[in-house]
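Undergrad: Have a look at this one.
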Amino acid sequence: MGFDIENELRKAFEQKNDFDLRVQEAHRVSALAVERALEDVADMGVEIIETIGLGIKREFYKTSYFFEGYEDVYEKIKKEDKRMFLNLANLKNEYKFIYRIIESYVNEVFEGFDEEVKKRIYLNILKFSAKLSTGQSVKTGITMVVVEMIYLNVIKNVMVKNLAKKAIGGIVTLAQVYGYVEKASMAADRLKVSCPKLYWVLFFKKLEMLYFIVEPILEKGLYLIDPMFKNDSNKKGYFHEEEIARVIASMIDN
């Protein structure tokens, strides 16, 4: 059913027998997929220039081991590159990686809530969301319904933007490919600072370097996982649940 970033990455990975070649190919296709799917067509030229610039900057940083006092920069880049390769290699087992990232996020938001609390939050989501109907089935569980609705919205956005970009095309240079690694690194760093709990959940699932793909959707709701938010006595009960519902509804309707 059209372009599927997850399946395209998985297929590209499985086409190669040699491990290194498989990772490189998946990496190349990842850049193509993200470029075609995740940026606005109107900003395409600016985005490509920006990405190439990030790639060149990252390549320059790799020479930092030549300069005294900058060895830590080089080591950080080496570790990030290795993590990206591990994340891409893991796509063979986690080819629905976007779903898994969203599932991890929702599980963290709902952690500690019993079914009654989840039900009240869900009813509030129905009230705030224009896309969910009151007849929406929850046989698979409220958590899974919420995950699925956010996931479908992300995939829809990816596919709609890709349709427009197919007509434009474009060449992905090595600098662009490495630019996406830099984007992934920057997003992972932001997540590690703003929401360390989710970062480490994704890290152990080998998904943190792919978080940048869904960052525009999830970043607005990262604070819902923060223990300070969950333990805020002023946000207990109805108002606490209503705020969670509003944020999740905005992710579904975005």
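The values are calculated or read from the model by the stated rules, or taken from the named source; none is laboratory data. Keep in mind it's a predicted model, so treat the numbers as computed, not measured. A quick note on method: Cβ atoms are made from the backbone with ideal geometry, for glycine too, and the neighbour counts reach across all protein chains shown.
Undergrad: Suppose we filter ILE98, ILE102 for residues that are modelled with pLDDT under 90, of a type in the set (A, V, I, L, M) and assigned by the TED database to the domain that holds MET228; which single one remains?
TA: Matching residue, one of ILE98, ILE102: ILE98.
Undergrad: Looking only at residues in segment 149-160 that are surrounded by fewer than 17 Cβ atoms within 10 Å (Cβ to Cβ) and farther than 13 Å from ASP253 by Cα, which one is modelled with the lowest pLDDT?
TA: This residue is VAL160.
Undergrad: I'd like the full set of residues that are among the basic types (Lys, Arg) and in contact with a Leu (Cβ under 6 Å, 6 or more places away or on another chain), limited to segment 176-222.
TA: Of segment 176-222, the ones among the basic types (Lys, Arg) are 183, 190, 192, 197, 205-206, 220.
Scanning segment 176-222 gives a single hit, LYS206.
For every residue, the table says whether it meets (1) of a type outside the set (D, E, K, R); (2) surrounded by 21 or more Cβ atoms within 10 Å (Cβ to Cβ); (3) at pLDDT 70 or above.
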position: ILE125; (1), (2), (3): yes, yes, yes
position: GLN136; (1), (2), (3): yes, no, no
position: LYS139; (1), (2), (3): no, no, no
position: VAL145; (1), (2), (3): yes, no, yes
position: GLY169; (1), (2), (3): yes, no, no
position: GLN176; (1), (2), (3): yes, yes, no
position: ASP189; (1), (2), (3): no, no, yes
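Undergrad: Please return the ranges of helices (runs of 4 or more DSSP H) entirely within segment 186-231 where 3 or more residues are under 13 Å from GLU108 (Cβ atoms).
TA: Passing ranges, in order: 196-204, 227-230.
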